[in-house]
1. Can you confirm whether the stretch A:156-163 contains a residue that is within 14 Å of chain B (Cβ to nearest Cβ) and part of a loop (DSSP other than H, G, I, E, B)?
2. Please count how many residues of the stretch B:159-189 are more than 10 Å from chain A (Cβ to nearest Cβ) and under 17 Å from residue B:91 (Cβ atoms).
3. Take the residues in the stretch A:13-49 that are of a type outside the set (Phe, Trp, Tyr) and within 8 Å of chain B (Cβ to nearest Cβ); name whichever of them is farthest from residue A:202 (Cα to Cα).
4. I'd like to check which strands (runs of 3 or more DSSP E) are fully inside the stretch B:83-199 and have at least 1 residues that are acidic (Asp, Glu).
5. Within the stretch B:744-756, is even one residue touching a residue at least 12 places away in the same chain (Cβ under 8 Å) and over 30 Å from residue B:142 (Cα atoms)?
6. Taking the options A:60, A:103, A:64, name whichever one is of a type in the set (Gly, Ala, Ser) and touching a residue at least 60 places away in the same chain (Cβ under 8 Å).
7. Hey, residue A:46 hits all of (1) touching a strand residue (DSSP E or B) at 6+ places or on another chain (Cβ under 9 Å); (2) at positive phi but one; which does it fall short on?
8. Which residues, taken from the stretch A:68-96, are over 14 Å from the mean Cα position of the chain (by Cα), buried (at least 17 other Cβ atoms within 10 Å of the Cβ) and either within 12 Å of another protein chain (Cβ to nearest Cβ) or of a type in the set (S, T, N, Q) (or both)?
Amino acid sequence: MVKYGVVVFPGSNCDRDCFWAAHDMMGQKAEFIWHESKSIDKYDVIIIPGGFSYGDYLRAGAIARFARVMDNIHTFAGKRNKLVFGICNGFQILLESQLLPGAMLTNKTLKFICKYTNLQVENNSTPFTSECSREQILRIPIAHQEGNYYCDEKTLNSLVKNDQVVFRYCDEKGNIDDSTNPNGSLYNIAGICNKRRNVLGMMPHPERAMTERLGSTDGAFIFRSITEYVKKSL
Amino acid sequence: MAEYKSFEITPEVVAEHGFKPEEYENILKIMGRIPTYVELGIFSAMWSEHCSYKHSKPTLGKFPHRGKYVIQGPGENAGIIDTGTDLAVAFKIESHNHPSAVEPFQGAATGVGGILRDVFTMGARPVASCNSLRFGSLDSANTHRLLPGVVKGIAFYGNCVGVPTVAGETVFEDTYEENCLVNAMTIGIVEKKKIIKAVASGVGNSVMYIGALTGRDGIHGATFASAELTEETREKRSSVQVADPFMEKLLLEATLELIDENVMVAIQDMGAAGLTSSGTEMAYRGGVGIELDMDRVPQREKNMNAYEIMLSESQERMCLVAKKGKEKQIEKILNKWGLHAVVIGRVIKKPRLVIWEKGKIVADIPVAPLADSKHPLFPLKKQKGIKPAYLKDKSINIDPESMPVDDDPEGSLKKLMGSPNVASKSNIWEQYDHMVQTATVTLPGSDAAVIDVKNRDFMIATSVDCNGRYVYLDPYKGGMIAIAESARNVSCSGAEPVAFTNCLNFGNPEDPEIFWQFEQAVKGMSDAATVLKTPVISGNVSFYNEGKKGAIYPTPTVGMVGYIFGKEKRYARQYFKEQGDVIFLVGETKNEIGASEYLKVVRGEIAGPVPDINMKTEAAVQKIVRKGIKAGLIKSAHDISKGGLAVALAECCITGTLHGDRAIGALVELQSDIRPDALLFGETQSRIIVTCGKDNARVFRKMAAKDKVVLSEIGKVGGNRLIVHVDWSSQSKCRNINVTTEELIRLWSTGVNKYV
């Protein structure tokens, strides 16, 4: 069984949801990892969940990057080459910790937005999207105030060139333009990975799209991809 | 302020604390001496309307508050109902009107914080929040200031704590111009064996303080809430507290961990009147006393004295009674969450509240007269209401016959769809995280929100409702309808309404006319709730909601909670599903147009009569719809309320878009001897629009006939237009509605959203 570790910072609030997605929905092993924790090597995947780590009064993720667990996550993703998956606040923390390039601005509406969005899968050769087809459209909700992805031109070019843009906001037919961009993200970016493809950050919440009753099962594509990838490499 | 002890208790000081002369006489009798300044402050907070319910208590006793589901009725931090499993559901609604009128962001945010604490101090993890908001006209500058601020405040707090805000209502009426209403409700789930109450016991047990530091914010907040908002009270800005949702999240997790570890006897939020009320109430419920040492209370500001500490309403603080010898363990759990736990006093045998400061006793008051409304010296107000003059005025009711019949129903429908109280509020609720905790089955903007309960065979449905205009025009009927409609909304989801909480927002109760409104509304609510077998389990009274032009519309907001039972968890949403589905109208339309949204929006009239309601019919209509949903016969169910049948049909056509489904049209044929405007836009109660697949339609029709519920087939789902043909018997000319769903969506989604 795949061992998922879900990080809990003071102020994390999607930790229990991610645990549920991995444990109850995917039927895998899952445990919570307290933010002061030192030993994380036993896990196959680390999820950094959504929420407001340390209140996020300063800038989303700005304080969490200094947590003890983050040092270990650097090693986990670097030396050990294991999977790290940041969702929403988790993505913001990965940017602040420079595990992924770029930064988050406040949404162009200047407001918190919670609603379903459509994402186009741009790269299905990552461990997080291997069960998706290329250009598949996933219906997954967002819930954030700082999800307006930004980076300089050079970085964007390299992201595109290296196929690191994994998800882009689109409409239900796959059209990608300003009208299908909920928060003003550069290039409609909803999720990116690192060059080695073992660190993924995305603003939408796949753990919220796991059952028909909740409105979509598309989030399961991502959790299934991760699970299958790890099983194969075990 | 530090030299408060030298304050002489003059008649001015007494009056400043809001005491009536006879109340001060009672204090002298209780104390047998002139009270100290600290004691006077404690009496003032505990006897404020907000804490004492001195005007409302005798009336509130009339509510039904028992029933097979009730585990905890009114009088605790929150009420609790059984679910028939190992779990129970705790919930409560509370007002934060005055703070929000002065400082909308902080006022609304701290309102959410307070109600969350009320629920998790019972041991329950909050799973959903709702709110009921009322502002003045959508065109007024004050509304443009208040509305975005209140919404941002609620979002800021609820989103950070991670409790989804799943349902609510936002209403615009001139009457709320100077006194907006912000009512917040929270629902939580608790393991029955872990329910904890705010009852102190065990002489010698430590009283501990956890959470944020005490500052000078919110001193006399309870008194502030118990007076009319005037220029003078608006100056009391320091009465508004500052919100820290991160602290709340830590407190929430720490408190639930304390409950898991079974280390506490009792716990209570320091809400209105802070340490004063939490200490007094826990002691009173336990029949014991509490002794507190002010020097040990963690303070944020320098040189605070006992008076300020006892009356501070700094947020995110709780007071608990530890089990013997568990202090260290409590400290350890709080430290894990980066918080402190400090012993500030102990439980004592004599039932008194004793306050120490710098080694001296500065207050020593018997607990009972502070908290027991049955105590002979408690300042309970026995009042008599007088029927308000405005209700005796003939012009309060309109004579529909004097009005020409509407010859442009399509134009009227379009006007209504974009009008403030009908139009979509999606820009409001999309600012709330309404999906966190992955259990929101039916989203905001629906009759009722549905919350899944994982690994159990039930779901929770909830709806917050009140039509203040109805209550103003006819307090008794308005009160009944508030209960009936919230229950009807819950029934439309397939859930059986079980119990409710209420937030009774009224004007100054010392005015006999206002008091009459209050009594009548409560009577109406009680009568309706008795028939529906839905007791009240918690609530809050908010008086003194007045502006320059007088009192607000009496607004007894109801938060109804119900269950969807069964392994299949069958539920319905309000919108039309598939081409060819049969549309039924459950219930009977009467010739009623009074008090309607149509009269206000299209005819510019606010006048009665309020629609009639027969609770037996109401109960039968709700029951048949629930039965139909449970049997899997019904595909959609939508309550008919503001804007009548035509608006409800339009909503059925377009609200699927909120759930990622497409809009779909309908062809409806109405034959009636009722004039078309009343037929289309009148707000006759006890009506629900349902749809069934072709085969199931027959079965449902039989089911309704057997239960003797009036049911009429009015049309079919399909196409991309809402077409309504009205065949009115008194005239040969048809009055039709024929409008595309696209046009309906455009009108409906811009009416209010452009302002938020």
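The values are calculated or read from the model by the stated rules, or taken from the named source; none is laboratory data. Given the structure is predicted, the values throughout are model-derived calculations rather than measurements. Please note: Cβ atoms are built from the backbone with ideal geometry, for glycine as well, and neighbour counts cover all protein chains shown.
1. No, there is no match, as no residue in the stretch A:156-163 is within 14 Å of chain B (Cβ to nearest Cβ) and part of a loop (DSSP other than H, G, I, E, B).
2. The qualifying residues number 11.
3. Among them, the one singled out is A:24.
4. Qualifying strands (runs of 3 or more DSSP E): B:87-95, B:165-172, B:181-191.
5. Within the stretch B:744-756, none of the residues are touching a residue at least 12 places away in the same chain (Cβ under 8 Å) and over 30 Å from residue B:142 (Cα atoms).
6. Working: A:103 fails: touching a residue at least 60 places away in the same chain (Cβ under 8 Å); A:64 fails: touching a residue at least 60 places away in the same chain (Cβ under 8 Å).
Of A:60, A:103, A:64, the one residue that is of a type in the set (Gly, Ala, Ser) and touching a residue at least 60 places away in the same chain (Cβ under 8 Å) is A:60.
7. The one condition residue A:46 does not meet is (2).
8. The one that is over 14 Å from the mean Cα position of the chain (by Cα), buried (at least 17 other Cβ atoms within 10 Å of the Cβ) and either within 12 Å of another protein chain (Cβ to nearest Cβ) or of a type in the set (S, T, N, Q) (or both): A:72.
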